[in-house]
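Everything on this sheet refers to the single structure shown next.
The values are calculated or read from the model by the stated rules, or taken from the named source; none is laboratory data. Fair warning: this is a prediction, and the values are worked out from it, not measured in the lab. So basically every Cβ, Gly included, is an ideal-geometry build from the backbone, and we count neighbours across all protein chains shown.
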Amino acid sequence: MSTYLFLPMTEEYAALISHWKYDEPYSVYSMDGSKECITELLNCEYYYALHEQNGLFGYVCKGESARVPGGYGAGIYNDSIYVDIGLGLRPDITGQGKGLEFLILCMHFLREQFNIHHFRLVVASFNERAIKVYERAGFVKGITFQSNVDGQDMDFTVMRYTYSTT
């Protein structure tokens, strides 16, 4: 069993993440390695790198950095009870059954660190692999909306989760 450690985002981690390339059809999640990309990862105090014994495993962010621009027009960010989260798993370990463990680790960390009980995430609607992971963790699908990605409109699905108070 690996030991995981959440660390505040560093320039080294941001540079590594900014060069992650995902295979099709997940390439929409790839970053371009630019200074702007690295700056975005460093510019928010709510980006954390998840490190394990074999190196950088993934990252999680919360707040505005986790939002998809088209969601504003769809009104999904009007409900302030939910905290928006974004996740990224290192490309070479996607599709290996580690997504649920990664998601649960991230949610537990955010709950303990920031006392979050209501989570919201937005996922590309075609990403059935991630949607299945989120549903297994207890997230429930909400509305679908469109947002522009690289000049094309893409469908996104809102998913929400609330920790039980019992």
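Miscellaneous remarks
- Residues located in the stretch 45-60, provided they are over 16 Å from TYR4 (Cα atoms) and either modelled with pLDDT of 95 or more or surrounded by fewer than 16 Cβ atoms within 10 Å (Cβ to Cβ) (or both): GLU45
- Residues located in the stretch 146-166, provided they are touching a strand residue (DSSP E or B) at 6+ places or on another chain (Cβ under 6 Å) and of a type in the set (Phe, Trp, Tyr): PHE156, TYR161
- Residues considered: ILE81, ILE85. Of these, the only one that is within 27 Å of ASN43 (Cα to Cα), in contact (Cβ under 8 Å) with a residue 24 or more places away in the chain, touching a His at 6+ places or on another chain (Cβ under 9 Å) and outside any helix (DSSP H, G or I) is ILE81.
- Tallying residues that are touching a residue at least 40 places away in the same chain (Cβ under 8 Å), part of a helix (DSSP H, G or I) and surrounded by fewer than 17 Cβ atoms within 10 Å (Cβ to Cβ) within the stretch 1-28 yields 1.
- Flag for ASP32 being under 12 Å from the mean Cα position of the chain (by Cα) and of a type in the set (Asp, Glu): no
This table checks each residue for (1) under 28 Å from LEU7 (Cβ atoms); (2) among the hydrophobic types (A, V, I, L, M, F, W, C); (3) buried (at least 18 other Cβ atoms within 10 Å of the Cβ).
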{"position": "GLY73", "(1), (2), (3)": "no, no, no"}
{"position": "ILE81", "(1), (2), (3)": "no, yes, no"}
{"position": "THR94", "(1), (2), (3)": "yes, no, yes"}
{"position": "ILE104", "(1), (2), (3)": "yes, yes, no"}
